[in-house]
Amino acid sequence: MTLIEITLPKTIAKALHLPASSPRRQQLKVLKKLLKKAKLTEFGQHYRFDEILMSKHIGKRFQQLVPTHDYNAIYKQWWNKTLEGKRDVCWPGKIKYYALSSGTSESASKYIPVTEDLLSGNRMVMIKQLFSLRHYDDIPFANLRKGWLMLGGSTELQQGKGYYAGDLSGITAKKVPFWFTPFYKPGKKIAKMSDWNDKIEEIVEQAPNWDISFVVGVPAWIQMCMEKIVERYKLATIHDIWPNLSFFVHGGVSFEPYKKGFEKLLAKPLTYIETYLASEGFIAYQERQNAKGMKLSINDHIFFEFVPFDDKNFDSDGNLVENPTTYMIHEVEEGRDYAILLSTSAGAWRYLIGDTVRFVDAERCEIVITGRTKHFLSLVGEHLSVDNMSKALQLATEELNVSIPEFTVAGVPHGSFFAHHWYVASDDHVDAALLRNKIDQHLKELNDDYAVERASALKEVYLDVLPEQTFMDFLESKGKIGGQHKFPRVLKGNMLQDWKAFLSKTTIS
């Protein structure tokens, strides 16, 4: 008997066995549910949700009447009212929680509304993901009943006028279901700690007392935590202290750059499970073992639309144009990059989340994350995506047998032309010139536009190898240590200037 069978009420388990239907039908059902719930809100009245619900083509009418929004647009017109305590603005009731999110490029915190409906939907997706494990081969199901170390933000939330704000991981941990409490680590006391270094130290201290089978979190911070445990207790691998460790649930960034360094800490392979949990909702999860992508949560609490990520729909800075071309789930094509629009059970409506994805299996609704709408380089038309960068780096590190868990790239002037400047993190011995040449060559093979521009206006590629700790220290200097914080793969504007100033100070000291 598994943890799931022991703890889940029969009614919930029964609800998960949903009748098979087309993705389009499932998505329209979700949209109707969202519109009905929010039709009496200020937003619903303004954009005539009643009329949309009566339409024969509800999806198309929704797209005609409701405009697209980025964060600044929806916050300025709508969400700011909820922070003042106003009820029934974009979702029924009062918003009591906000996920603080600054993405990976902007310094000002964004206040993303979090409702009980959203959290309930997130939990349902999490349970579905657990159920999907029964399709995996050689899964040690007995380990599901052991400890789950979830490394996230503090549950000690900031208090505003009638609301609380913090990392979504902290809000989620604060509201852990009762049936999960016996398995949840590091426990409420440690989870409440706001100082990341103190939290890690306490986890290291308690590590011998736990029997951990699952670790959940951003790869860089999970790896750092395990390294400190191995170092403290003079272990060969993390399995010397947690012999039942079997699963790593990760998300937010590509795991490939971390994999080589991560597996040095293991005595036996782990089952890797990818998730796509954003502040706005639980978007997708890996449903099948060794699947190339993650399955979108299309029949729960999110209605998806997809905007082709091209020059027609986005300007040179990655901003969405007015009236972009948008597609529903049944209209997408495999192998094409799309930006995601979300409408959710927390009052996000046609909201640009900022991520770009590619469908690897449209029939199964499986996607991979390819980057961010503002995290790409196209100084002279090279159209270089984060996906291109990650793949080129992965190929180069495999050829050189080195571990590079972090990297970032900036576009810089080069005389009258331009260049790319790579900064990579590695504690291995790395031949910077050789790595630079291999990355450059792989990018030419992966991206035709890049190859063309390298022969014309993109004149040079620079590469600096830095200690891994330098990247972590920069995040800490920006107040982005731990939890869900990730290093930006492309640096632009103020963040690039801050990075250069930080490196200058580090070199001097």
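All of the numbers you see were taken from the coordinates with simple rules; none came from a lab. Note that this is a predicted model, so its numbers are computed, not measured. Every residue, glycine among them, receives a Cβ derived from its backbone with ideal geometry; neighbour counts consider all protein chains shown.
I need the peptides 364-373, 88-97 ranked by packing, meaning the mean over residues of other C-beta atoms within 10 angstrom, with the highest value on top.
Values: 364-373: 21.6, 88-97: 19.8.
For the peptides 364-373, 88-97, the packing ranking is 364-373, 88-97.
Report the gain in length on full extension from residue 334 to residue 240: 0.36 nm times residue separation, minus Cα-Cα distance, nm rounded to one decimal. If you can, show how the numbers build up before the last one.
On the way: separation 94, 0.36 × 94 = 33.84 nm, distance 4.34 nm.
That works out to 29.5 nm of additional length.
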Item to check | Length-normalised contact order of the chain in % [C-alpha pairs under 8 Å, at least 6 apart] | outcome: 14 percent
Next on the checklist: Please give the Cα centre distance for region 367-396 versus region 403-441, rounded to the nearest Å.
Outcome noted: 14 Å
Next on the checklist: Could you tell me the extents of region 252-355's C-alpha atoms along the three principal axes, largest first, rounded to whole Å?
Outcome noted: 53, 33, 25
Item to check | Extension gain (nm, one decimal) between residue 227 and residue 497, 0.36 nm per residue minus Cα-Cα | outcome: 94.1 nm
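Ranking 436, 87 by Cβ neighbours within 10 Å, fewest first, what do you get? Intermediate values should be presented prior to the final figure.
On the way: 436 20, 87 13.
In increasing order of surrounding Cβ atoms, one gets 87, 436.
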Item to check | Scattering curve values for region 407-479, log₁₀ I(q)/I(0), Debye with Cα scatterers, q = 0.21, 0.28 Å⁻¹ | outcome: -0.95, -1.25
Checklist outcome for this item: Yeah, region 199-270 with a ≥ b ≥ c from its alpha-carbon gyration tensor (a/c under 1.5 is rounded, else prolate when a/b outruns b/c, oblate otherwise) is prolate
Item to check | GluC sites (Glu not before Pro) within region 299-364: DSSP coil, no more than 13 neighbouring Cβ in 10 Å | outcome: 322, 333, 363
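Contact order normalised by length for region 118-278, with contacts defined as Cα pairs under 8 Å and 6 or more residues apart; what percent is it? Kindly include the intermediate steps, with their values, before the conclusion.
On the way: 203 pairs, mean separation 33.5, N = 161.
21 percent.
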Checklist entry - region 75-102 to region 191-252: how many Å between their Cα centroids? => result 35 Å
Checklist outcome for this item: The Cα extents of region 328-455 along the principal axes, largest first and rounded to whole Å, are 49, 36, 27
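What's the FRET efficiency of residue 21 with residue 272 using the Cβ-Cβ distance as r and R₀ = 25 Å, to the nearest 0.05? Don't skip to the end; give the middle numbers.
Details: r = 30 Å, r/R0 = 1.21.
After rounding, the FRET efficiency stands at 0.25.
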Next on the checklist: Could you work out the relative contact order of region 376-508? I mean the mean sequence separation of Cα pairs under 8 Å and 6+ apart, divided by the number of residues, in percent.
Outcome noted: 30 percent
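Once Rh for region 118-278 is found with the Kirkwood sum over Cα pairs, what is the Stokes-Einstein diffusion coefficient at 37 °C and 0.692 mPa s, in µm²/s? Walk me through the numbers on the way to the answer.
Working: Rh = 16.5 Å.
Answer from the Stokes-Einstein relation: 199 µm²/s.
Give, in nm to one decimal, the length gained when the segment between residue 504 and residue 321 is fully stretched (0.36 nm per residue of separation minus the Cα-Cα distance). Provide the component values of the computation, followed by the final result.
Details: separation 183, 0.36 × 183 = 65.88 nm, distance 3.73 nm.
Gain in length upon complete extension: 62.2 nm.
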Item to check | Burial ordering of 301, 330, 429, 383, fewest other beta-carbon atoms within 10 Å first | outcome: 429, 330, 383, 301
Checklist entry - Normalized C-alpha radius of gyration of the chain, against 2.2 N^0.38 Å? => result 0.97
Checklist entry - Thinking of region 26-136 as a set of Cα atoms, what percent of all their pairs are more than 24 Å apart? => result 38 percent
Checklist entry - Just going by the charge dipole of the chain, with Lys and Arg at +1 and Asp and Glu at -1 on Cβ, which of 307, 265, 377 is farthest out on the positive end? => result 307
Checklist outcome for this item: Among 462, 236, 47, the residue whose Cα sits farthest towards the positive end of the charge dipole of the chain (+1 at Cβ of Lys and Arg, -1 at Cβ of Asp and Glu, taken about the Cα centre) is 47
